Amino acid sequence: MTRVESAFTKIDLIDPAQRADIDKFREQLARYHSGEVSEEVFRVFRLTNGIYGQRQGGTNHMVRVKVPYGSITPEQLEMMAFLVDAYSRGWAHITTRQNLQFHFVQLDDIPEVLEQLASVGLTTREACGDTVRNVQGCHLAGACPLEHLDISPWAEAAYQHFVRNPIGQRLPRKFKINFSGCDTDCGQAMFNDAGVIATTRERADGTVEKGFRVYIAGGLGATPHPALALEEFTSREELLPTIEAILRVFDQAGNRDNKLRARMKWLVDTLGIDEVRRRVFGTRKFLLASASWPGGIPAEVALDGDDPAGTTPGGGSVSLIGQGTAVKLLGNSVYERWLAANVVRGAANGSISAYATAELGDITATQFRALAHIQADLDASVRLTNRQNLIFRDLTEDDLPILFDQLSEIDMASPGAELARDVVACPGADTCNLAVTQSRGLAKAITERLEQEGLAEVGGIRINISGCTNSCGQHHASDIGFFGAERRTGGLSAPGYQLLLGGYVGQDQMHFGQKVLRLPAKNVPEAAVRVIRRYAEERHPAENLHDWLGRVGGPEHLAAELEDLDRYPTFRDDPSYYTDYGETELYTATIGDSECAT
């Protein structure tokens, strides 16, 4: 009996489209082993199927699982527990794009892994490569007190429309779609190729129409671009054809000669936003006129509805949400602080939501199994968040102490979601070919230092770390951001980071963090402590870090206060500065061929 047969028995129920994907992977893998398919051709094929090579090379691979808008079921959580135990190293990682990924999977095991994922409705198809990536959505959609529409069925409709769609298989570069239900933009639509934010407008007769504002050509990476509004208002009937029109224009006009300038943001730089708009509107017009376009409201929306959760009847108290939200942790017990920091109340439909904190976005097999049982027992829905946590929704007040106790048993009840201690980091040099620093090790070091200094529960602060300039850790969009860089001093290489301050996304705005100064990796925790301590002491009530920076002289002013940290002692005086976090050997900046690890 194989590992697969001993675990799950739903292989015969796999969706035919997914079965075809798996059969094709087996066929191409056999042809690759026999030499019929070249290394480069197979590489493109496996990336399109969500399978990355990793830093260690050889037959080690990372499997990226699409979780559209973060929505996941108990059965799927159970499956992840089995897979990371049987094929990986006992844990998986939540990404900032609401995927799940696990590493050190052997290439010949991939077809079995894909089969097991498909048996519970999960796929890796187009999780990587030059395709339409995982469709993201606000994790509070359907439970948010501020939303104009529940974007969940819209994100599902977009996912279903574009997965395996021929127009999205060989794009000039990857294409990212993101949904938010209001201008708080918890889904972070403002830095995606196509960002969708629900909104309203008043009709001539005084009634209110609900629809969307679509933004295009946003992106992070080494050269970040804020998304630009496509038009003032997009109707519900025209949303999907609008997104497809954007994709078609990108496919037709994107730069296929230079991957470094192939994203949607570069197309706008080349053609200008007015010309891109003209092409998108022209393409949409002909799509809507096509006999093959179904038209109207997507079936997924018609089936589930998109009514907003709404605020509490009578205007009762609601939880504040979004970047920069000031959180006061009242009470002395861990449970009281967890209630204050991790629970979101205020939906008219009566639902309550609560975060489960996954340290560094990691979840072990034991935690996956426990989360599955908790979700099933509470009859809750669960979403993965873009800050690498999970959120339980559709709860009652009576559920909260039960949820807290059960999360405590698996070390996921830290009162830290959206607080300073909840540091986001990419995988870094642990597995990524492009990373030059151990971003995960740094994230842990920052959290430990904040705990020691009593600053871990400062609200309204987001810290994000990337192991290189590519912003997989979204360092540009956070209050305090760091990206890894090699430093040279005394003839030796040393791990370093660039500090950025003041990143912010929300209220139809995107402010990228400004570069402040470069730091030795070992001095980064001290820099974070100094910035957060001063912010906590000087901020006005409910003042976010971006606004506080503007009031106290800007990032340049803080740079002067941190300059003493930009110093490397000699190797003889302190050799620890020349070894990265979690490493024992002297630092070297080793990078491999890019496989687009974002």
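No lab work stands behind these numbers, since they all come straight from the coordinates. Note that this is a predicted model, so its numbers are computed, not measured. FYI the Cβ positions are ideal-geometry reconstructions off the backbone, even for glycines, and counts take in every protein chain you see.
Observations, loosely collected:
- Estimated 222 nm signal from helices in the chain, with DSSP H stretches of n ≥ 4 weighted -39500 (n - 2.57), rounded to 500: -10000 deg cm²/dmol
- Taking a point 7 Å out from the Cα of residue 572 in the direction of its Cβ, the residues of segment 467-505 whose backbone N falls within less than 17 Å of it are 489-492.
- Label-point gap, in nm, between residue 252 and residue 89 - each point 7 angstrom along Cα→Cβ: 4.7
- Stretching the chain fully between residue 492 and residue 106 yields a gain of 135.4 nm (0.36 nm per residue, less the alpha carbon separation).
- All other residues whose Cβ lies under 14 angstrom from that of residue 575 are scored, Lys and Arg at +1 and Asp and Glu at -1, for a net of -3.
- With neighbours defined as other Cβ atoms within 10 Å of a residue's Cβ, the residues 579, 95 order from fewest to most as 579, 95.
- Cα convex hull volume per residue for the chain (Å³): 172
- Mean separation of Cα pairs under 8 Å and 6 or more residues apart, divided by the residue count, gives segment 111-254 a relative contact order of 19 percent.
- FRET efficiency estimate (nearest 0.05) - Cβ-Cβ, residue 411 to residue 376, R0 22 angstrom: 0.60
- Sum of side-chain charges, residue 566 neighbourhood, beta-carbon under 11 Å (Lys, Arg +1; Asp, Glu -1): +1
- Estimated distance in nm for a label pair at residue 261 and residue 557, the labels positioned 7 Å out from Cα along Cα-to-Cβ: 3.9
- Taking Lys and Arg as +1 and Asp and Glu as -1, the other residues whose beta-carbon sits under 10 Å from that of residue 261 total +2.
- Listed residue pairs exceeding 22 Å between alpha carbons, taken from 176/265; 24/66; 24/259; 444/522; 66/174; 174/285: 24/259; 174/285
- Under the simplified labelling scheme, the residue 530-residue 36 pair shows an inter-label distance of 6.3 nm, with each label point 7 Å from Cα along Cα→Cβ.
- Summary value for the chain: 13 percent relative contact order, contacts being C-alpha pairs under 8 angstrom separated by 6+ residues.
- Per-residue HN-Hα couplings for segment 265-276 [Karplus 6.51, -1.76, 1.60; θ = phi - 60°; Hz; x = Gly/Pro]: 4, 6, 5, 5, 4, 7, 8, x, 5, 5, 5, 5
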